[in-house]
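S.K.: I'd like to ask some things about the structure below.
What follows is calculated from the coordinates using simple rules that are stated; it is not laboratory data. Everything quoted here is computed from the prediction, not taken from an experiment. All Cβ positions, even for glycine, are placed from backbone atoms using ideal geometry, and neighbour counts span all protein chains on display.
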Amino acid sequence: MQLKDSADRYGTVSRALHWGMALLIAWQFATAIARVLAKDSALDEFLWATHKPLGALLMLLVLVRGLWSLANAGHRPRSLSLMARLGHLAMYALIVVVPLLALLRQYGSGRAFSPFGVPLMGGFDGEIKGLMAPANLLHGWLGWLLLVLIVGHIVMTIVHRRRPNDEDVLARMIGNR
Ligand code: HEM
Ligand code: HEM
């Protein structure tokens, strides 16, 4: 088992973070899609109850992932192109900004917030409108933009795997090379 990354493959920790977060993000978007397509249905109520706590967990995980990627800087697989590099950076930026804006809004609302029973915000009387406005304006839209980038990311992974002269990047994130 190779814990750290190397030039030709991601190590176990990066892979666990990548695939674990991919699963949680897929769930997170399922909650948002159910909200849009089937608002107030039993499915929406079940899924939406998980949106805030899971979003808070993702916020924590992306911080861990960012630190781990810094610790591995200089010995990770190289991006295939500038576009790939920028795409990965944009996804990182959005997985930070999207939950961060929502958490600021949650704080500003003055309502207590205890994701998975952990008392993260105690709540207070009144609200701080300046903390709520950015998420009201941007949280949903930036969330959907992230989904678009993720779909592009998955499509490009498949393209690189199928094109005969391209490097198969999936092999760096999965399997044992
Ligand atoms: C990576 C994490 C997150 C993603 C990808 C995400 C994604 C989304 C998306 C796409 C929507 C739009 C749904 C629609 O169009 O109706 C949405 C709405 C919402 N999210 Fe999140 N979310 C995340 C984290 C959070 C967190 C941490 C909170 C609160 C603590 C939160 C609270 C809300 C609320 C209240 C709404 C409905 C109001 C609005 O559209 O801004 N989300 N989220
Ligand atoms: C669901 C959300 C996903 C997000 C946010 C995401 C994000 C990222 C990011 C930021 C990287 C750069 C490496 C790192 O710093 O971790 C990466 C690498 C990679 N991802 Fe994803 N990913 C997602 C899902 C997927 C899926 C479903 C696939 C497979 C089809 C996939 C395949 C890959 C591959 C092959 C690499 C390595 C690319 C390379 O070495 O250039 N990802 N991903």
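S.K.: Where nothing but the Cβ of Lys and Arg (+1) and of Asp and Glu (-1) is charged, how large is the charge dipole of the chain around its Cα centre, in debye to the nearest 20? Write down the numbers at each step before the final one.
M.R.: Details: 18 positive and 10 negative charges, 108 e Å.
Charge dipole of the chain: 520 debye, to the nearest 20.
S.K.: When only Cα pairs under 8 Å and 6 or more residues apart are kept, what is the percent relative contact order across segment 12-174?
M.R.: Relative contact order for segment 12-174 comes out at 18 percent.
S.K.: Further question on the same structure: If you take the beta carbon distance between Leu170 and Val96 as r and set R0 to 35 Å, what does 1/(1 + (r/R0)^6) give as a FRET efficiency, to the nearest 0.05?
M.R.: FRET efficiency, Leu170 to Val96: 0.90.
S.K.: Moving on to the next point. Can you sort Trp48, Trp141 by how many other beta carbons sit within 10 Å, fewest first?
M.R.: Sorted ascending by nearby Cβ count, the order is Trp141, Trp48.
S.K.: Just name one of Trp48, Ile154, Ala32: the one whose Cα is farthest towards the positive end of the charge dipole of the chain (beta-carbon charges, Lys/Arg +1, Asp/Glu -1).
M.R.: Result: Ile154, furthest along the dipole toward the positive end.
S.K.: Nearest 500 deg cm²/dmol is fine: what mean residue ellipticity at 222 nm does the chain get from its DSSP H runs of n ≥ 4 alone, each adding -39,500 (n - 2.57), divided by its residue count?
M.R.: After summing the helix terms and dividing by residue count, I get -23000 deg cm²/dmol.
S.K.: Which whole-number percent is the relative contact order of segment 34-122 (Cα, under 8 Å, 6+ apart)?
M.R.: Result for segment 34-122 is 28 percent.
S.K.: Just report the Cα centroid separation between segment 103-177 and segment 1-30, whole Å.
M.R.: 15 Å
S.K.: Mark the label point 7 Å from the Cα of Glu127 along Cα→Cβ and return the residues of segment 136-161 whose backbone N is within less than 17 Å of it.
M.R.: So the set is 136-140.
S.K.: Next question. Please label the shape of segment 12-174 as rounded, prolate or oblate, based on the square roots a ≥ b ≥ c of the eigenvalues of the alpha-carbon gyration tensor (a/c under 1.5 means rounded; beyond that, a/b larger than b/c means prolate, else oblate).
M.R.: The shape class here is prolate.
S.K.: Would you kindly state how much longer the chain becomes between Ala112 and Ser6 on full extension, computed as 0.36 nm times their sequence separation minus their alpha carbon distance, in nm to one decimal?
M.R.: Between Ala112 and Ser6, full extension yields an extra 33.8 nm.
S.K.: Please order Tyr10, Tyr92, Tyr107 by the number of other Cβ within 10 Å, starting at the fewest.
M.R.: Fewest to most other Cβ atoms nearby, the residues stand as Tyr92, Tyr107, Tyr10.
S.K.: Return the distance in nm (one decimal) between the two label points of a simple spin-label model at Arg163 and Asn136, each offset 7 Å from Cα along Cα→Cβ.
M.R.: 4.5 nm
S.K.: Less than 15 Å Cβ to Cβ from Leu104, Lys/Arg counted +1 and Asp/Glu -1: what total charge do the surrounding residues give?
M.R.: Numbers: positive: Lys52, Arg105, Arg111, Lys129; negative: Glu127.
Residues near Leu104 contribute +3 overall.
S.K.: Picking from Leu137, Leu145, Leu63, which is most flexible by a Gaussian network model of the chain using Cα springs under 10 Å?
M.R.: Residue with maximal mean-square fluctuation among Leu137, Leu145, Leu63: Leu137.
S.K.: Tell me, Thr31, Thr12 in order of fewest to most beta-carbon neighbours within 10 Å?
M.R.: Working: Thr31 19, Thr12 12.
Fewest to most other Cβ atoms nearby, the residues stand as Thr12, Thr31.
S.K.: Compute a Gaussian network model of the chain, connecting alpha carbons closer than 10 Å, and tell me which residue from Pro164, Pro115, Pro99 fluctuates the most.
M.R.: Pro164
S.K.: Straight-line reach from Lys39: which lysines fall under 20 Å, measuring Cα to Cα and dropping same-chain residues less than 8 apart?
M.R.: Lys52
S.K.: How much FRET efficiency would the formula 1/(1 + (r/R0)^6) give for Trp68 and Leu147, where r is the Cβ-Cβ distance and R0 is 30 Å, rounded to 0.05?
M.R.: So, using R0 = 30 Å, E works out to roughly 0.80.
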